[in-house]
Amino acid sequence: MALATTARREAVGPDFAHDDYDRWESIPQAFFDVVARAPDAPQLWAKHDGRWQPLTRAEVAERVRALARGLHRLGLQPGERVVLVAENRPEFVIADLAIMTAGGITVPAYTTNTEADHLHVLEDSGAAFAVVSTKELAQRVLPAAARATHCRTAIQIEGELPTQQPAHLDVYPWSAAIQAPAGNGAFDPDTAAQALARDATACFIYTSGTGGAPKGVVLSHGNILSNCKMAYHLLTSFGLGDEVFLSFLPLSHSYEHTAGQCFPLTIGAQIYYSRGVEHLSTELQEVQPTVMTAVPRLYESFQQRILRGIEKAPAHRRKLFHKTVELGRKRYHDPGALTLVERLQNAVLDRLVRRQVAARFGGRLKGMVSGGAALDPEVGIFFHALGVRVLQGYGQTETSPVVACNPPGKCKLHTVGPPLPDVTVRIAEDGELLVHGPNVMQGYWELPEQTAATIKDGWLHTGDLGAIDEEGYVQITDRKKDIVVLSGGDTLSPARVEGFLTRQPEIAQAMVYGDRRPHLVAILVPDGEWLADWAKRHAKTGDKTGSGGADQLMANLAEDTDLRAELDRVVHRVNQEISQSEKVRRFVIAPAPFTVDNDMMTPTLKVRRHKVKERYQENLEALYGR
C-alpha cells in the first residue's frame, strides 16, 4: 500500500480542458496529448508479487509507440482489424492504443469466449491480426485464428508459444513485437496519431448476444470521444480531482471500454486493474477508488453480503444498522421529511454506521455508476441510505455506450436519469426509446439491412420501451422483444416481476415465462449461501446432497420437496406485492445457476433469456400441465 499511496500523492490531478474533447480528432491523439502534460504521473496499476505496481504515463506511451511500430513492421495495414483477447491489464490498453495508432481497428473479444465464439468474431470482422494475453487463452484463440480466412498474424503477450506453429498463422511473442526499432522515420506513431480522422473507425464492439448472434457495432473515434465529453460533464458534478478508477468489468464490453478505459485516459486518471470478483472486496480497500463502474448483479451481491453480515451481528449493531437504513430511505424520498430529532440521530449514524460502510468501499468513492442492465431501485436506495452513492445510467453498445445517467445532485433511481449533454431522446408511438446524438454508432459491420432498420432518419431505435417524466428523466420499462402478453391480453414486464423475486434473500436469479399463456411461471435459482445455510439447518448435507460444493448442493436439492415448499412461501410473499396478472403461479428450481460458463449469462452478467429458454423450456411448459 505504501507504493500506491506515495504515487497517488504525487499525481498532478486534472490537467485537461473541456474544449480538448472538441479539439481531439482521435483517441490516440487524446492519449498522447494528456501524457505530454504530466509524463511522470502514475497511470496504470497492476498487482504483481502481492504489490500494486505502476506504469507512468510516459512508460505507457513508449510501449504504445513501440507496439505500433511493431504492428506496422509486421504488415498491419490501415483499416485492418485486430482481435484483442486479454484480461483487464495494462497490456490491453497498450495494445488497443497501439492498434489504433498504427491505423488498425481494434476488435475486443471476451476472454470467456469458446473457440467457436472466437472464430465467429475473427471471421465476421475479417481480422488480419489477433493479440492474446496468456497461454491458456491462446489455446482457444490460436486454433480459431488459424482457421479464420483472413487472419495471418498473432501476438501472444505472455507464456510459451505453441511448439508447432499453426498452419497459415505466424505467431510472435509480445517482446518481439514491442521491441521493433524506431527505423528511419518511415513510420512515426506520433505523426500517425495526429493524422487519424475523427470519423475514422476506432473499434468494433460486438454485442453481448442476449438475443442471438453477436453483431459488430462500428464505432468511430468521434463516437467515443463525444461520449467521454458527456461523461466529463457528469463527473464535474462530483467535483473533479485526482481520480482513481478500479477497472473490474471486461474491457471488451463497450461500457468498460469507454467509461473504464478511454474516459479515464482523457482526464489523466489512474486506473487499477482488478484481478476478479473474488478479490474485489480487498481491492476496494487497497485501491480506494474515487469512481467505479459496475453492473447491477454486483450491487445485489454486495447488498446480500452486507445483510447476511448484519444479521450475525450483536443486537445493538443490528438496531443501529436498520435505523440508518430507515432514516436514509426517508431522506432519499423526501430530504425535508426528517424531524429535528431524526436529523440529529442521522448525524450520529453517519459516524457510527455510514462511515464504516464507506470504509468497506475504500472510503473515497464519489460514486459508483450502475449500467449494463436495469438496477432494482430498491437496491440503489439501500446503498444511498447507507451513504454510498450509486447512480443508475443507461446505454447500449450502439451508443458508445452511455445515453443517460442520474446526476449526483438529484438522483431518481426508478429512472436512468436525464440524457447526457448533446444526446436527444424521444419516445415513439409504440413506446420505444429513440436516441439521436454524436455517440450513435456508424452501423453494424456488413449488416446494411439491420443498420437501416435500427437507425432511421438519424434516430437509433433502441429496442427498449420507456417513458420520459416532466423533468426529462428517462425510465426504461423493458426490452420490446421481452414483453410478455398473456393469453387473456394482459401485457407484463418480466424484468419487473424478476426484480421482486431476486430482491428476496432466498433467490439469486429468476426468469419468468408466459408469453401467450394464461399466467406466469418461473425458473428460480436459490441463493448459494442461503441454500447452504438452509441445507445445514434441515440436515440436507449428508450423502443425499454429496460434498461437491455449492453447485453440487443445488443440483442435488433441485427436486427436494422441502426446498420447494420453502421457496413456495417466498413466491407467495412476492405475489402479495404485485398485481393479479403478474403473480407467479408455479415454478421450477434450476439445478445450477445461470453463469457465463454455461452460456446463460453474458460476461457483464445479463441473463441470456433465449439460452435459458432453450435449456428449460420443456420444464417451464410442463408447469402448465399440472
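Bear in mind these aren't lab numbers, they're just calculated from the coordinates by the rules spelled out. On a predicted model such as this, the values are computed, not experimentally measured, just so you know. Heads up, the Cβs are rebuilt from the backbone with ideal geometry, glycines too, and the neighbour counts pull from every protein chain shown.
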Study note, to complete from the structure: Scoring segment 486-591 by relative contact order with C-alpha pairs under 8 Å, at least six apart, yields a percentage of 31 percent
Revision key, fill the gap. Projected convex hull area of segment 2-280, Cα atoms, direction-averaged, in nm², equals 14.8 nm²
Practice item. Starting at the first residue of segment 43-51, write each ³J(HN,Hα) from the Karplus equation 6.51 cos²θ - 1.76 cosθ + 1.60 with θ = phi - 60°, in whole Hz, x for Gly and Pro. Key: 10, 10, 10, 9, 8, 10, 6, x, 10
Check your understanding: For HIS333, HIS279, what's the fewest-to-most ordering of other Cβ within 10 Å of each Cβ?
Key -> HIS333, HIS279
Review point. Relative contact order for segment 221-350: what is it in percent, counting Cα pairs under 8 Å that are at least 6 residues apart?
Key: 21 percent
Check your understanding: Any idea how far apart HIS538 and LYS481 come out in nm if each label point goes 7 Å out from Cα toward Cβ?
Key -> 3.8 nm
Practice item. For ALA453 and HIS168, compute 0.36 nm times the residue count separating them, minus their Cα-Cα distance, and round to one decimal in nm. Key: 98.8 nm
Practice item. Post the alpha-carbon centroid distance, segment 463-481 to segment 190-255, in whole angstrom. Key: 23 Å
Review point. In percent, what relative contact order does segment 210-291 have, based on Cα pairs under 8 Å that are 6 or more apart in sequence?
Key: 33 percent
Check your understanding: Tell me, how many Å apart are the Cα centres for segment 117-147 and for segment 299-327?
Key -> 46 Å
Check your understanding: What distance in nm separates the simple spin-label points at THR149 and ARG585, each placed 7 Å from Cα in the Cβ direction?
Key -> 5.0 nm
Practice item. On each of the three principal axes of the Cα atoms of the chain, give max minus min coordinate, whole Å, ordered largest first. Key: 75, 58, 56
Review point. Want the number for HIS233 to THR595: 0.36 nm per residue separation, take away the alpha-carbon distance, what's left?
Key: 126.8 nm
Exercise for review: Find how much the distance from HIS414 to ASP560 grows on full extension, using 0.36 nm per residue of separation minus their present alpha carbon separation; answer in nm with one decimal.
Suggested key: 48.9 nm
Practice item. For segment 462-527, go through all pairs of different Cα atoms, get the mean of 1/r, take its inverse, and jot down that Kirkwood value in Å. Key: 13.1 Å
Check your understanding: How do ILE155, ILE99, ILE381 line up, fewest other C-beta atoms within 10 Å first?
Key -> ILE381, ILE155, ILE99
Review point. Based on the Cβ-Cβ distance from ASP350 to ASP188, what FRET efficiency comes out when R0 is 41 Å, to the nearest 0.05?
Key: 0.15
